[in-house]
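The values are calculated or read from the model by the stated rules, or taken from the named source; none is laboratory data. Note that the coordinates shown come from a computational prediction; the quantities given were computed from them, not determined experimentally. Heads up, the Cβs are rebuilt from the backbone with ideal geometry, glycines too, and the neighbour counts pull from every protein chain shown.
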Amino acid sequence: MAEREVTATPFQIGTELPRARQSVFSTRTTTLALLLPALGVTVVFLLLPLAFLIFISLTKGRTFFSATTTFTLENYASIFTQFLPNLQESLLLALLATGVDLIFGFPFAYILIRKVRYRDWVRAFMIFPMFGALYLAFGMYFILLPNGMFAPFIQALNKNGIQIPIYGLQSVVFAMSIFTFPFMVMNIGAALSNVDPKLEEAARCLGAKNWQTFTRVILPLASPGILAGILMCFGWNVGAFAEPLLLGSVAEQRAMALTLYNRGIVLFDYGTSATMGVVLMVIAFSVTYFSLRYSRGALVE
Amino acid sequence: MSRVRLVNITKRFGNTTAVSDVNMDIAEGEFVTLLGPSGCGKTTTLRMIAGLVEPTEGKIYFDEQLVNPLPPNRRNIGFVFQTHSLFPHMNVTDNIGFGLSVKGEDKQKIAARVQEMLALIGLQGYEKRMPSELSGGQQQRVALARVLATNPRVLLFDEPLSALDRNLRDQLKYNILDLQRKTHKTAIYVTHDQSEAFAISDRIFVMNLGRVEQVGTQLDIYLHPQTEFVAEFIGSNNTLAGEVIQSSDGAGERQVSVQAGNLTIQCRDYLGLKTGDHVLAFIRPENIRVLDNASSNHYLNQVEGTVEKIVFEGSTVHFDARVQDTLLRVELAGTERLTILNREGARVRLGFDEVTLIRRN
Amino acid sequence: MATNSLSLPTSKPAPRTWSFSLRWTEILQHAYIIFCCIIFVLPFIALFQYSLQKSSIISLNNVIANYSYVFGSFKDNLITSLQVSALAIIINFLISFPAAYAIVRYTFPGKRFLLSLLSLSLYVPAVVLGFGLVLTYNFGHIFIGSIWGLVFAMAVGTYPLMLTPLIVALKDLPPSFEEAALCLGASRWQTITRIVLPLIGQGIAAGVLLSFIIIFNEYLVTLFVVGTAPGLTTASLRVFNLVRTAGLLNTTAALAATMQIISFVVVLVFFRIIGTRYLKGTYLI
């Protein structure tokens, strides 16, 4: 049986088929228009300032805003000579704080994921550090001060000859590590919760002791998360500002973020401070780039 | 109430062709079904008619109007989805009235129309219910009411019953047909379920791999399949590949003998075949009869076979008959089906007349 | 049956020492968690305790005195903080929603790269962002002395936290709802406002929450961008300035405590009402 004949009836002129597109809604221009606001804000308020910083880092002192702009690479050289202690201080602080986070954070994450049921309460407590390093540093005063919360406790220690100085490396690192602790816990926690408990059971059934299961099954599977946590905490801590400022002795106040502020805003030495900004940016970016490669959290298919 | 025409419709996604040169002419008020397996392009075709997907080539007309440049909201259609279409944050009334409210109709008119629709689907009193409080069947009925409320000119159904139980499906498909008849709207229905298509369609477009294999009524498609795919997809069939060895004109009709393996089959020829043509011979299981020793010499073909694998399905019984080297499935119904039940391994005589022939390349 | 020379041991209860040490392990674990939790809130508690005092004496009068100071003298700062937060959150939404929609619903090349680009600002150290912005503003002579400079600074730093929950919410929304609305005759705008936005409300709320927490308490970028401009000092910046200049005042502690209490309450309310689904992947959950 033949199919019914179809004839295209000629009719109105000018109703030709428009150029074929992917689908009725996803045209190039629409997509671009939708992305434009976010891209625009990013370009104008993020990329431009960053590029600007790079540009200024190549100028000398405050000559950028003056008539005679001098270009130089001295600034970068000075980072590794004059300002090397500052760079080292920032790196040291970040390293120590991250180390503290790792040592205390890993067991915390492990117990939280595996053993504890009141996880939501713990999360509620973990929110507090995220409100800002400022409050943490500020609050530290009241913990350590003679007339603060722990006054009797501290006085007792003092009587036994143990002094706890307020300003110093330990306070700064302590405050910094509290601030980034949640990041470490979350990264490790996410990685641990992705380790199927059945794998542990399988290992135990095969005769592995607890420690062996831990080092040979759990640790390797969770290592991407651990690495991501380390890198993320380091990236955040490298730019620490309030903690060294409020709690640091002279040594800690050399942290590069502070130096940037002093030289840039106070002394108007734009060249040097921009260079410091670039260095901090490079460190933070490279560290974060690697942390993202190792962590989960891809939103795109 | 529109005539729908598809002219040379093709859809390509990158390197894949989902729909290839499809032509359709659907009359006003007709109920057609696009029937085929998953991936055959039926849903894509439906979505092109709706305007949710733009054809790569070809034109679509509603009556005399070219609708290609129109987005779905300007085509005045009703689209019933398989699932997840009732707006979960609106109650039944707001859902049904949505199409009218976006056009700015005044509240009283909308309320009246909603009542009308609820009466049509038999859910009066459900005005304030939320979709999550409705059963699957009720949800689809509301979805139906929702599309009818705007008085569209074409109704489009994308496997609306696939997500429901068997019993509900059987009942609801007649509701859909009923409403379509009452409202005289052109309906285009997509399904992979053959019995659904057969129950409610005026005509069926059988599709496979992006093409229309055959168009026709249920009888056309079942009794006279024109391609290998249709013969095998619709109902069940015994497929034999063979060659024409003899043709004859006798008693006013052409007949050919087809050699398929060890079997020689006599068939009526409607295709004008010549000796040496390669063909596929299709014999439906229900067309093969079990002959008792005495009579029934009027069958064109009579063979002997051994009974294997008897399956009692309830209203039918089917078994495989080993005829020389070929396995033929036979289906029996009615009281005689019970007579075969103890005869596993026995030799029986089988007779059949109806053989569909399709040319093979 | 004759008794065997090997007699099966009768079953005994588990040795006491073993179960005892297991209990100890559990107790230690819980203790550790609780210990760490206390450390988290310790700075706040110390602050809070100090804010209840005057001259080391906690009394109701002192509490009232300190906190009414907060809502008196610091009122403008709090209002500025809220204004900046509100404006920045609105901008976050206006730029993130279209982008999220395009990313989820449309196909185009380079999505991975785009998402990295749109998450970049979270990983720029605050000093760098702040310094870059203040230089840019001064160089371009824009936003000098205007609240918008700060608002955009906050927006650019936090919009990824709005983008992520929106993407999650849109991914969860079956396209059939929008398609159904369109086939029923709704325009694109009507579909977005009447169908899409209500159904992704929770994602929007998550974005608002995350942005608010960060912006409300932000002090570092603010420090650079605002400096000493009059009328633009947010509450957190005020805390910073006061700590640096006036040292340890009860009133400053009260302000800092208030900020944290407000933030905490907002978070709690959000968790109660909406839950944590949309915060996944943003590292705040």
Pick from region B:92-122, criterion outside any helix (DSSP H, G or I) and within 11 Å of chain C (Cβ to nearest Cβ), ranking: surrounded by the fewest Cβ atoms within 10 Å (Cβ to Cβ): B:GLY104
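For region B:322-331: of the residues being more than 17 Å from B:VAL355 (Cα to Cα) and in contact (Cβ under 8 Å) with a residue 24 or more places away in the chain, which is surrounded by the fewest Cβ atoms within 10 Å (Cβ to Cβ)? Break it down into steps so the answer makes sense when it comes.
Step one: filter region B:322-331 for residues more than 17 Å from B:VAL355 (Cα to Cα), giving B:322, B:324-325.
Those still in the list that are in contact (Cβ under 8 Å) with a residue 24 or more places away in the chain too: B:324-325.
On the way: B:GLN324: 11, B:ASP325: 8.
Going through the qualifying residues, I end up with B:ASP325.
Being closer than 18 Å to B:ILE176 by Cβ and touching a helix residue (DSSP H, G or I) at 6+ places or on another chain (Cβ under 6 Å) is the filter; apply it to region B:73-91 and report the residue that is surrounded by the most Cβ atoms within 10 Å (Cβ to Cβ).
Among those residues, the one meeting the criterion is B:ILE77.
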Please state which one of B:ALA294, B:ALA281, B:ALA251, B:ALA260 is at pLDDT 90 or above, among the small types (Gly, Ala, Ser) and not assigned by TED's automatic domain parsing to the domain that holds B:GLU196. B:ALA281
Within region A:94-123, residues being in a helix (DSSP H, G or I), under 20 Å from C:PHE271 (Cβ atoms) and either facing chain C (nearest Cβ under 10 Å) or touching a Phe, Trp or Tyr at 6+ places or on another chain (Cβ under 6 Å) (or both) number 6
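Picking from B:LEU66, B:LEU35, which residue would you name as being crowded, with 17+ Cβ neighbours inside 10 Å, over 30 Å from C:ILE200 (Cβ atoms) and either free of Cβ contacts under 8 Å to residues at least 12 places away in the same chain or not assigned by TED's automatic domain parsing to the domain that holds B:SER135 (or both)? Don't jump to the end; show me each part of the working.
On the way: B:LEU35 fails: either free of Cβ contacts under 8 Å to residues at least 12 places away in the same chain or not assigned by TED's automatic domain parsing to the domain that holds B:SER135 (or both).
Exactly one of B:LEU66, B:LEU35 is crowded, with 17+ Cβ neighbours inside 10 Å, over 30 Å from C:ILE200 (Cβ atoms) and either free of Cβ contacts under 8 Å to residues at least 12 places away in the same chain or not assigned by TED's automatic domain parsing to the domain that holds B:SER135 (or both), namely B:LEU66.
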C:ILE214 meets each of (1) hydrophobic (A, V, I, L, M, F, W, C); (2) at the interface with chain B (Cβ under 9 Å from one of its Cβ atoms); (3) in a helix (DSSP H, G or I) with one exception, condition (2)
Inspect region C:188-207 for any residue being at the interface with another protein chain (Cβ under 10 Å from one of its Cβ atoms) and either outside any helix (DSSP H, G or I) or within 15 Å of the chain's Cα centre (by Cα) (or both) and give the result as yes or no. no
Hey, any hits in region A:59-67 for a residue that's among the hydrophobic types (A, V, I, L, M, F, W, C), more than 18 Å from A:ALA284 (Cβ to Cβ) and in a loop (DSSP other than H, G, I, E, B)? yes
Would it be correct to say that B:ASN68 is under 30 Å from B:ILE9 (Cβ atoms) and either modelled with pLDDT of 95 or more or assigned to a loop (DSSP other than H, G, I, E, B) (or both)? yes
Number of the exception - C:ILE213 against (1) within 21 Å of C:SER56 (Cα to Cα); (2) crowded, with 21+ Cβ neighbours inside 10 Å: (1)
Exactly one condition in (1) within 19 Å of B:ILE188 (Cα to Cα); (2) at the interface with another protein chain (Cβ under 9 Å from one of its Cβ atoms); (3) modelled with pLDDT under 95; (4) not in a helix (DSSP H, G or I) is not met by B:GLY29; state its number. (2)
So if I check each of A:LEU199, A:LEU192, A:LEU206, which one is out of contact with any strand residue (DSSP E or B) (no Cβ under 8 Å at 6 or more places or on another chain), surrounded by fewer than 23 Cβ atoms within 10 Å (Cβ to Cβ) and modelled with pLDDT of 85 or more? A:LEU206
If you go through region C:77-91 one residue at a time, do you hit one that is at pLDDT 95 or above and more than 30 Å from C:PHE48 (Cα to Cα)? yes
